[in-house]
Amino acid sequence: MISSIQNIFSIPELRRRILFTLGMLTVYRIGAHVPTPGIDAQVLAKFFEGTQGTLLGLVSAFTGGALERMTVFALGIMPYISASIILQLLTVVFEPVERLAKEGEQGRKTITKWTRYGTVILSIIQGAGIAVGLQTMQGPAGEPVVPNPGIGFILLTIITLTAGTAFIMWLGEQITERGIGNGISLIIFAGIIANLPAAVVNSVRLVNTGAMSPTILIFILLVMVGVVWAIVFMERGQRRVPIHYAKRVVGMRNYGGQTSHLPLKVNMSGVIPPIFASSIIMFPATVANLVDVPWVQTVASMMTPSHWLYNLFYVAFIIFFCYFYTAVTFNPIDVSDNIKKQGGYIPGIRPGRATAEYIDTVLSRLTFAGALYVSAVCVLPTLLIGQFNVPFFFGGTSLLIVVGVGLDTAAQIEAHLISRSYEGFMKGVTLKGRHG
């Protein structure tokens, strides 16, 4: 392990990227402790004491406790994710946006600009919802969270939270461009990991005071270890479609006649579906603060991780985004054309359209299995942990994001090392696709 770390920092470019990423994440964590003006922090902390295992607890976990402290980063990166979802949906159902997405680099820049504008708009809406909701919150003794409510507080909160989200969006883009890994995913990763030390200390304290049985704590730890093992096993799982290449004679040499494979992952979409699904579910709950209608408030109160309605929508959104994101990022027709151009074919399948249909069929079955796996990981541990009143929100969704982002980042570091003839960062472990 020590030699692997030495290999990492012996490459100037990789060292700069890792240090830059760590620096940007440090800035993010510092900003997560800068409070929003006009809020009584002590009363707010008392209010959030009873939100573990609720939707507020989930949102606070994704923001690294920024929402619980109501800092300038309280909205987190979720508005940016919501805007990205809207733009990606438009590329499928709205032809002008679809044409724009096919224009290459210039089209990508335009869509990125629209995503930024959408992020600001959604941040304003969610910021207004949070500001209105804060004015109605009270502590256990009836003390208000906002000592001086009014339009001034609402405008100040909207501006502060919108600016915070815009800054996080910029941090994520900088990490993706100049750092290592996906910036947005790493920001969510950092937010979840930031809660881990406090969760461990709190759990030990509860065991020492007798509020939690050591048996329950051991059971929870075993569940987490089992979930991590399942995530690693499934994320590295592949269906290898065999591809044969016909022999070609060029001059005096024979080329081709080789056998390769097309690796199709069980979970092609990675951690994107649970992140997108969480963002979609969180948004209506925020808007509900702006609508003082009894049935809307009733539905909003039912949208908690322990309620069946929340989990039903959550699973439905995860399955939808598994198929949607796979369809956006992987085109069987393009893959089939590339195989045909290279003189390859799948045994027993005609090149061209039949190959595309075969790949699409295999991919659809894999995506269904992957969607069920992601849904089970995100929902079942949360339900089990909720039954034991665990004093922190670190359920299946958080574990999937942490492990998935960790594997993706490690794979990128591995790629940098392999390209420079170094032994990989994960010594003794061959990542899937390394020799592909």
Problem set entry | Within region 286-306, considering residues that are of a type outside the set (Val, Ile, Thr) and buried (at least 20 other Cβ atoms within 10 Å of the Cβ), the one modelled with the lowest pLDDT | ASN289
Problem set entry | Residue within region 364-373 that is at pLDDT 85 or above, in contact with a Phe, Trp or Tyr (Cβ under 8 Å, 6 or more places away or on another chain), among the polar types (S, T, N, Q) and closer than 14 Å to ILE243 by Cβ present | no
Problem set entry | Any chance SER185 is touching a helix residue (DSSP H, G or I) at 6+ places or on another chain (Cβ under 8 Å), small (Gly, Ala, Ser) and farther than 22 Å from PRO79 by Cβ | no
For this session: Name every residue in region 345-362 that is under 28 Å from ALA101 (Cβ atoms), in contact (Cβ under 8 Å) with a residue 40 or more places away in the chain and in contact with a Phe, Trp or Tyr (Cβ under 7 Å, 6 or more places away or on another chain), in order of residue number.
Result: none
Problem set entry | Residue under evaluation GLY183, criteria (1) of a type outside the set (Val, Ile, Thr); (2) in contact with a Ser or Thr (Cβ under 6 Å, 6 or more places away or on another chain); (3) assigned by TED's automatic domain parsing to the domain that holds THR409, criterion not met | (3)
Exercise. When you go through ILE243, ILE272 one by one, which is the residue that is at pLDDT 85 or above and either surrounded by fewer than 12 Cβ atoms within 10 Å (Cβ to Cβ) or not assigned by TED's automatic domain parsing to the domain that holds GLN88 (or both)?
Worked result: ILE243
For this session: Return the only residue of GLY172, GLY127, GLY118, GLY150 being touching a helix residue (DSSP H, G or I) at 6+ places or on another chain (Cβ under 6 Å), in the same structural domain as ILE39 (by TED's automatic domain parsing) and at pLDDT below 90.
Result: GLY127
Exercise. Does ASN208 count as modelled with pLDDT of 80 or more and more than 30 Å from ARG16 (Cβ to Cβ)?
Worked result: yes
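Residue by residue, here is whether (1) part of a loop (DSSP other than H, G, I, E, B); (2) free of Cβ contacts under 8 Å to residues at least 12 places away in the same chain holds:
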position: GLN88; (1), (2): no, no
position: VAL92; (1), (2): no, no
position: GLU98; (1), (2): no, yes
position: LYS113; (1), (2): no, yes
position: THR119; (1), (2): no, no
position: GLY127; (1), (2): no, no
position: ALA141; (1), (2): yes, yes
position: VAL146; (1), (2): yes, no
position: PRO149; (1), (2): yes, no
Problem set entry | Count of residues meeting criterion [among the hydroxyl-bearing types (Ser, Thr, Tyr) and surrounded by 16 or more Cβ atoms within 10 Å (Cβ to Cβ)] in region 195-219 | 1
Problem set entry | Members of region 11-24 that are of a type in the set (A, V, I, L, M, F, W, C), farther than 11 Å from ILE180 by Cβ and part of a helix (DSSP H, G or I) | none
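The values are calculated or read from the model by the stated rules, or taken from the named source; none is laboratory data. From a predicted model like this one, the values you see are computed outputs, not experimental measurements. Every residue, glycine as well, gets a Cβ built from its backbone with ideal geometry; the counts of neighbours run over all protein chains shown.
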